[in-house]
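Structure first, commentary second.
Derivation of every value follows stated rules applied to the coordinates shown; laboratory data play no part. Everything numeric in this text was worked out from a predicted model, so none of it was measured. Cβ placement follows ideal geometry from the backbone for every residue including glycine, while neighbour counts extend to all protein chains displayed.
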Ligand SMILES: Cc1ncc(C[n+]2csc(CCOP(=O)(O)OP(=O)(O)O)c2C)c(N)n1
């Protein structure tokens, strides 16, 4: 099996689907000749031509609307929003239109669109590049939100997202793009949407995370183990909808949970996950479900990222709180 | 009969006053600038070129953060700025830090902005400007608002906003022009057409021959200017400013220019989308080279004077980066404190939490 970074796995997924389905179109700002600002589409225009992989004018609202129009013509658009913060420009197209089109056509039209977008902190980008805006999108019925944490999941989930006949927002954490390699099959495979994954088994506490925070949770779990606490780490992978079956099953075993997200306390999905756990498993809980989040400010000026972003120490602290409750 | 489109495009020939040889080719349009003004414009351009070189070097040493190179665009940036008054309000994009500096933003704060420190975004009293906009196009509709506000207040001042050729594709661009036109707002829109939006060439942005002609649909004035000719940029901006203040409505100015460097210092590689020939062709139009020739022909400029500016720039940059480096790091509590006038309850709680954390 090949060793790939997450960005290589993502490119590989797009290459796979460009080959498998001639209706797949990839477009966005700088994705053509330049291969994208992160090189996610590197080489794809050379391989598949400008008809299939092309630059757009600089307008996210246009990119969103164009995707809808092409989907109405039977194409399977895979647009890129260059950085998450620019999704605001496309908010009507994505939340107001494409997410609702199946519904407003009485179930007769479909929007097989996969919007890829980088997000996530720790890489010193300017304003509105790194924000965790997933909560705005999970609040919108009609669109799935997928966030991989490993190269293997990234490829399988992206292929599955592209094949799905409903819109998917596929969010790629920038810090994970090149920070490590993982095993990725060269052939075509899928990872099921809407299914979480236990990334580490444990008995004393359930850590629920997604994106880069999965790795902070794994790091915290290692540290906790040294102190005799066995933590289970669940990677949500799809955050809308959330796979509550796997969470509840785990909580029934551990009786304690901590929900971790990079987003602010008022943002993300932590509050709704905690609410759902207490609805579904309150009698199994030995302690309140705590949250590890960022504070409720605007995403910090880049020099302050390190002190603002939640890290494994914050997770360990909250775990100790639920264990000693 | 000609098609309307052709007729319109014919009206948008590039306005030039001084050619690449530093010769005045359009005497009638020559702005009324004293010798001292001409020299000051040159000083600013030379200074800014040095600032760009030093910023790139500092960035490579890891001493700056986000930085968008400016070399090549000095005439567009500083020629337009020189036509402004201190009361004018600037709504810049990320590449337009030089205009802010010449409007009064201290250099060390410009460096703090680059480093990602909130103090870099605090405009000093009397500097009418926003910090550089990162979201392409957002400033353009806001400029219509500032321009309308100035008009309602009866001020003899304008709002001026800058974007690039890519920015002219955003919906906000069209909305901004249209709103400003509808209200005859005191706004001047400058599009610095440096031929590329990161890697995307301007001919992929639009079927329109020029960006300036987009003014037509909004019912406002539009002009395409040689953006490497500082006299032409100055004259066009001055005229636009006068018209705005006289109640004659907003103007769209497209300056034809080029960025010599990469898009930003965060990994852009221009060789992926530009040819050496294109770079060479544009460097022949260099705004500083041509203005130097013009001034030297008039005996207004010497090597010594230029060296003096270079030395001054280097010294000031050195001091400013030191000051930026010595600025205390931001804490989460600093960030919380600038969120609201009065802290809401959730942030009060978090303030206490982080005060405790940060005191350890
Ligand atoms: C809304 C939005 N979309 C995309 C970007 C990413 N981006 C930053 S600069 C840029 C190109 C801008 O080109 P142009 O407007 O021509 O200005 P230039 O950088 O050439 O000065 C892009 C796509 C952004 N900052 N904001």
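Based on the Cβ-Cβ distance from residue B:340 to residue A:2, what FRET efficiency comes out when R0 is 45 Å, to the nearest 0.05? Walk me through the intermediate numbers first.
Details: r = 50 Å, r/R0 = 1.11.
The computed FRET efficiency comes out at 0.35.
Using Cα atoms only, what is the angle between the long axis of helix A:213-226 and the major principal axis of chain A, expressed in degrees (0 to 90) to the nearest 10?
For A:213-226 against chain A, the angle is about 30 degrees.
Measure out, as a whole number of angstrom, how far apart the alpha-carbon centroids of the range B:5-58 and the range A:116-180 sit.
45
Kindly work out what percent of the DSSP beta bridges joining two residues of chain A are antiparallel, to the nearest 5.
Here the share of antiparallel DSSP bridges comes out near 25 percent.
Does a label point 7 Å from the Cα of residue B:248, set along Cα-to-beta-carbon, have any residues of the range B:4-20 with amide nitrogen under 20 Å, and which are they?
B:11-17
With each label point set 7 Å from Cα along the Cα-Cβ vector, what nm distance links residue A:51 and residue A:283?
Spacing of the two 7 Å Cα→Cβ label points: 6.3 nm.
Let a ≥ b ≥ c be the square roots of the eigenvalues of the Cα gyration tensor of the range B:1-75; is it rounded (a/c under 1.5), or, if not, prolate (a/b larger than b/c) or oblate?
Oblate, because a/c is 1.5 or more while a/b does not exceed b/c.
Using Cα centres only, tell me the gap between the range A:40-59 and the range B:287-332 in whole Å.
41
Can you tell me how much longer the chain between residue B:331 and residue B:348 gets when fully stretched, taken as 0.36 nm per residue apart minus their C-alpha distance, in nm with one decimal?
Extra length from residue B:331 to residue B:348 when fully extended: 4.6 nm.
Starting from the Cα of residue B:35, step 7 Å along the direction of its Cβ; do the same at residue B:281; then give the gap between the two resulting points in nm.
The answer from the label model is 3.9 nm.
Most fluctuating residue of B:128, B:297, B:19 in a GNM of chain B with Cα springs under 10 Å: which is it?
Checking each option, the largest mean-square fluctuation is seen for B:297.
Using Cα centres only, tell me the gap between the range A:297-320 and the range A:60-96 in whole Å.
So the separation of the two Cα centres works out to 32 Å.
Can you give me the angle between helix B:230-245 and the longest principal axis of chain B, using Cα atoms only, in degrees from 0 to 90, rounded to the nearest 10?
80
Kindly put B:66, B:113 in sequence by how many other C-beta atoms sit within 10 Å of each C-beta, fewest to most.
Sorted ascending by nearby Cβ count, the order is B:66, B:113.
Among A:103, B:234, which comes first, then next, by fewest other beta-carbon atoms within 10 Å?
Least crowded to most crowded, the residues run A:103, B:234.
Calculate the FRET efficiency for residue A:92 and residue B:207 from the Cβ-Cβ distance with a Förster distance of 30 Å, rounded to the nearest 0.05.
Details: r = 24 Å, r/R0 = 0.80.
After rounding to 0.05, the efficiency reads 0.80.
Relative to the present Cα-Cα distance, how much length would full extension add between residue B:272 and residue B:175 at 0.36 nm per residue of separation?
Numbers: separation 97, 0.36 × 97 = 34.92 nm, distance 3.30 nm.
Additional length available on full extension: 31.6 nm.
Taking neighbour counts of Cβ atoms within 10 Å as a proxy for exposure, in what order, fewest first, do A:144, A:163, B:3, A:178 appear?
Placing the least packed residue first, the sequence is B:3, A:178, A:163, A:144.
Take the alpha carbon gyration tensor of chain A, find the square roots of its eigenvalues, order them as a ≥ b ≥ c, and report rounded if a/c is under 1.5; if not, report prolate when a/b exceeds b/c, else oblate.
It is prolate, given that a/c is not under 1.5 and a/b is the larger ratio.
Among B:264, B:327, B:14, whose mean-square fluctuation peaks in a Gaussian network model of chain B (Cα, cutoff 10 Å)?
Maximum among the listed residues: B:327.
Specify the residue with the greatest mean-square fluctuation among B:91, B:33, B:100, computed from a Gaussian network of chain B linking alpha-carbon atoms under 10 Å apart.
Highest fluctuation among the options: B:33.
With axes computed from alpha carbons, what is the tilt in degrees of helix B:303-325 against the longest principal axis of chain B, rounded to the nearest 10 within 0 to 90?
The answer is roughly 30 degrees.
Using DSSP, restrict attention to beta bridges with both residues in the range B:5-329 and report what percent are antiparallel, rounded to the nearest 5.
For the range B:5-329, the DSSP antiparallel bridge percentage is about 10.
Nearest-5 percent of antiparallel DSSP beta bridges in the protein assembly as shown?
Restricted to the protein assembly as shown, the bridges split so that about 20 percent are antiparallel.
Name the shape class, rounded, prolate or oblate, that the alpha-carbon gyration tensor gives for the range A:16-72, where a ≥ b ≥ c are the square roots of its eigenvalues, rounded holds for a/c under 1.5, and otherwise prolate holds if a/b is larger than b/c and oblate otherwise.
Judged from the Cα gyration tensor, the range A:16-72 comes out oblate (a/c at least 1.5, b/c at or above a/b).
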